[in-house]
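The structure under discussion appears below in the form of C-alpha cells.
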Amino acid sequence: MDRKHRISARCNRPTVRLNASARAIDSIMREAGLDAAEKERFLGWAIKSLINTYKEERMNQRILIENEVKQLGLRFPNGTVKQDYSHSFPLPTDKIYDIQLEGAEKVGLTFAVTADGVGTLAGVPTTSGDFSLILKFKTVEGEPESELKIPIAFNPNPRDLWRNVPTHSDIPYYKPDSETAYIKVEAAADGAPRKDIVAASQRGRSHAQEGRPRDDHFSLFHCADSDWYVIAVADGAGSAKYSRKGSEVACKTVVDHCKSLLVDNPEFEKAILDYAADREDTAKRTALTRGVIDIVYKGAMKAHEAVKSVSANCEGSKLKDFATTLMFAVCKRYDFGWFIASFWVGDGAMAIFDAERKTVKLLGTPDEGEFSGQTRFLTMPEIFHDTDAVAKRVRMSIVDDFTALFLMTDGVSDPMFETDRNLNDYAKWEEFYSALRNGFPKDEIEGVDLTDDNEAAQTQLLRWLDFWSPGNHDDRTIAILY
C-alpha cells in the first residue's frame, strides 16, 4: 500500500468505528423488537436522559464546591475610613477560578488572589457605613458563575466626627480661631545670612467642638537695625474663662518690654561681647546676668503685672480667670555665634535644635502642678516670690549656630514628645523635625518648607497643626526661628 492509501485508511478509521457502534446499537434495538419509529423515540429519550444526568451531575459538583467555599466562613473585619486596611484569606483555587470581588473598588479597596490561593483585600476605605461585597467565581465548565455575599463595615474616621463651630465674635476678649505670622529677614549688609521667623496658632478640636475660643497666643519681633529677635508663646488655661486675654497680654507685654531695651542698648551689647570673650570671668558673667534679669526676668514680671491690671479692670473677675503660661526668648547673631536668653513658666517646650551637630538644648524645665495634667502659670504670685525663680526660669546661652529655635505650647509638645523626659532626647526631636518637614501623608497633611524667604511657611505650618493624635485636642501654637 502506497503512502497516499495509508493516510486515507487512517482518516477513515473513526467513521468505521462509528458505523460499527451504530450497527451494534441498531442490532440491540432490533433484538428488543423495536421498529424504526420506536428506535427513533428511544434514541431521543436516551440522549435526553444522558444530557439531563450530565447536567445534574455538573450542577451537583458546582453546589458541592459552593458549599465548600461557604464553609470557609469568610468574614471581613471592620475598618476605619482614611486608615490602612488589609485582610487576607484562603481560597480553594484548585476548584474555583475567574475569582472577583465585586464592590471593593467602590469603597476604596482592591482585591487580588496570589498563585498559592490567598485572597487579599487592601487599601484605604473612603466611605463609612455597612456594605456587602460579592465574591464571584466559577467552578465547573459550563455552569453559571457562583456568588457569595460577604458583609463589611467601615467606621467613620474620628477626625470627621469633630465639629468646627466658629467662636462668636461678640464675646469678651474675642480672638480669631487661628492666626499666623511670618517675618522675612533680609541678609545683613555684609551678606551674612539671617534667620526668618514663622508662627501659627490653631484652636484645638475640643474648643472647636463647642464653639469655645482659642486660648493660646504668640507675638514676634525683629529689628532690622539691631538684629534682635524677640519671640513669645503663651498657653491660656483651659479652665480660666478669660485666659485668652491673659495669654495675649503676656505675649505683647514681654515683646514690647524687651524690644524697648534691646533696640538701642550699648551697655548690654558690651556685656554680651565681654562675656563671650572670656566666659570664665565671674565679673563679666555677673554683669551680663544683671542685664538679662533687667530685660528678660523683669519683662516676665511686667507681664504678670499687666495681666493683673486687666483682671482688676474686669468687673467680677479674679486674676486666676486670666491664668496663662509664658515662654519667650531674645536672641541675636554675633561673630562668635548666637546669644540667646529666655524665660519659661508652665508646660510646653522651648529648645535649640541643631540637626547638623545632632544636639538639642532645652531652655528651661516644664512646670508640673500639684496634680497630673496641671501646670504653673504666670499669674501665680508665688512664681516671682521664689528665691530661686531667676535660676529656675531664666536661661542664657551662646551657641555657634542652630537649625531652629522652637517655642510651642503643650498642644504640640504633648502629642509629639509624650513625656517631659523625652524633651531631652535628641532622637525624639529628630523625629519631630522630620514630621514637621515631611508632614502626615496619611492625613493628607503636607510638611512645612523651612527655607529662606518662604512666606507660604505660615499657611503650611497652620495646616500642619491639624495633625491627628488621639486624646490630644488642645489649642496648638508653635513659633520657629530658623
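Regarding E430, is this residue touching a residue at least 60 places away in the same chain (Cβ under 8 Å), among the acidic types (D, E) and open to solvent by 50 Å² or more (accessible area, probe 1.4 Å)?
yes
Quickly run through the range 224-273 and pick out the residues that are open to solvent by 40 Å² or more (accessible area, probe 1.4 Å), in a helix (DSSP H, G or I), touching a residue at least 12 places away in the same chain (Cβ under 8 Å) and over 25 Å from S169 (Cα atoms).
Scanning the range 224-273 gives K259, L261, E267, L273.
So, of the residues in the range 117-166 that are under 20 Å from the mean Cα position of the chain (by Cα) and free of Cβ contacts under 8 Å to residues at least 40 places away in the same chain, which turns out to be farthest from H473 (Cα to Cα)?
Only one residue tops the list, namely G123.
Return yes or no: is K48 farther than 30 Å from L109 by Cβ and surrounded by 12 or more Cβ atoms within 10 Å (Cβ to Cβ)?
For K48, the condition - farther than 30 Å from L109 by Cβ and surrounded by 12 or more Cβ atoms within 10 Å (Cβ to Cβ) - is not met.
Scanning the range 185-223 for residues that are of a type in the set (A, V, I, L, M, F, W, C) and part of a strand (DSSP E or B), which turns out surrounded by the most Cβ atoms within 10 Å (Cβ to Cβ)? Explain how you work it out, then say what you get.
Just the residues of the range 185-223 that are of a type in the set (A, V, I, L, M, F, W, C), to begin with: 185, 187-189, 192, 197-200, 208, 218, 220-221, 223.
Applying the additional criterion that residues be part of a strand (DSSP E or B) yields 197-200, 218, 220-221.
Values: I197: 23, V198: 28, A199: 26, A200: 26, F218: 26, L220: 19, F221: 19.
If we take residues in the range 185-223 being of a type in the set (A, V, I, L, M, F, W, C) and part of a strand (DSSP E or B), then V198 is surrounded by the most Cβ atoms within 10 Å (Cβ to Cβ).
Go over the candidates S132, S88 one by one and state the one that is in contact with a Ser or Thr (Cβ under 9 Å, 6 or more places away or on another chain) and loosely packed, with under 13 Cβ neighbours inside 10 Å.
So the residue among S132, S88 that is in contact with a Ser or Thr (Cβ under 9 Å, 6 or more places away or on another chain) and loosely packed, with under 13 Cβ neighbours inside 10 Å is S88.
Looking only at strands (runs of 3 or more DSSP E) that lie completely in the range 53-127, which have at least 1 residues being of a type in the set (A, V, I, L, M) and touching a strand residue (DSSP E or B) at 6+ places or on another chain (Cβ under 8 Å)? Show your work before the answer.
Values: elements: 85-90, 97-102, 109-113, 118-123.
So the answer is 97-102, 109-113, 118-123.
Report whether or not A200 is free of Cβ contacts under 8 Å to residues at least 40 places away in the same chain, hydrophobic (A, V, I, L, M, F, W, C) and under 30 Å from F402 (Cβ atoms).
Criteria not met by A200.
So S132 ticks every box in (1) small (G, A, S); (2) farther than 23 Å from L64 by Cα; (3) not in a strand (DSSP E or B) but one. Which box is left unticked?
The one condition S132 does not meet is (3).
Yes or no: the range 61-75 includes at least one residue that is open to solvent by less than 70 Å² (accessible area, probe 1.4 Å), on the phi > 0 side of the Ramachandran plot and at pLDDT 80 or above.
The answer is yes; a qualifying residue exists.
Suppose we filter P441, P415, P366 for residues that are in contact with a Ser or Thr (Cβ under 7 Å, 6 or more places away or on another chain), open to solvent by 10 Å² or more (accessible area, probe 1.4 Å), free of Cβ contacts under 8 Å to residues at least 60 places away in the same chain and not polar (S, T, N, Q); which single one remains?
Result: P415 is the single residue among P441, P415, P366 that is in contact with a Ser or Thr (Cβ under 7 Å, 6 or more places away or on another chain), open to solvent by 10 Å² or more (accessible area, probe 1.4 Å), free of Cβ contacts under 8 Å to residues at least 60 places away in the same chain and not polar (S, T, N, Q).
On the given criteria, is Y97 closer than 30 Å to P144 by Cα, modelled with pLDDT of 95 or more, surrounded by fewer than 12 Cβ atoms within 10 Å (Cβ to Cβ) and among the aromatic types (F, W, Y)?
Yes: the conditions hold for Y97.
Is it the case, given these coordinates, that T53 is modelled with pLDDT of 80 or more, among the polar types (S, T, N, Q) and touching a helix residue (DSSP H, G or I) at 6+ places or on another chain (Cβ under 9 Å)?
no
Being buried (at least 19 other Cβ atoms within 10 Å of the Cβ) and in contact (Cβ under 8 Å) with a residue 60 or more places away in the chain: is that true of A323 here?
Values: buried (at least 19 other Cβ atoms within 10 Å of the Cβ): yes; in contact (Cβ under 8 Å) with a residue 60 or more places away in the chain: yes.
Answer is yes for this residue.
Suppose we filter the range 183-203 for residues that are over 20 Å from K332 (Cβ atoms) and either at pLDDT below 95 or not charged (D, E, K, R) (or both); how many remain?
To start, the set of residues in the range 183-203 that are over 20 Å from K332 (Cβ atoms) comprises 200-203.
Add one more test, that the residue is either at pLDDT below 95 or not charged (D, E, K, R) (or both), and what stays is 200-202.
The number of residues fulfilling the criteria is 3.
Do we find a residue being over 24 Å from the mean Cα position of the chain (by Cα) and within 20 Å of I480 (Cα to Cα) anywhere in the range 167-183?
Within the range 167-183 (the criterion being over 24 Å from the mean Cα position of the chain (by Cα) and within 20 Å of I480 (Cα to Cα)), the answer is yes, since at least one residue qualifies.
Residues checked against (1) in contact with a Cys (Cβ under 6 Å, 6 or more places away or on another chain); (2) over 30 Å from F440 (Cα atoms); (3) open to solvent by less than 60 Å² (accessible area, probe 1.4 Å):
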{"position": "E56", "(1), (2), (3)": "no, yes, no"}
{"position": "N78", "(1), (2), (3)": "no, no, no"}
{"position": "L109", "(1), (2), (3)": "no, no, yes"}
{"position": "G123", "(1), (2), (3)": "no, no, yes"}
{"position": "E141", "(1), (2), (3)": "no, yes, no"}
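The values are calculated or read from the model by the stated rules, or taken from the named source; none is laboratory data. Predicted model, so just to flag it, every value in this text is computed and none were measured. All Cβ positions, even for glycine, are placed from backbone atoms using ideal geometry, and neighbour counts span all protein chains on display. The area values use the complete protein model at the heavy-atom level, side chains included, leaving out ligands, DNA and RNA. Shrake-Rupley method; radii C 1.70, N 1.55, O 1.52, S 1.80 Å.
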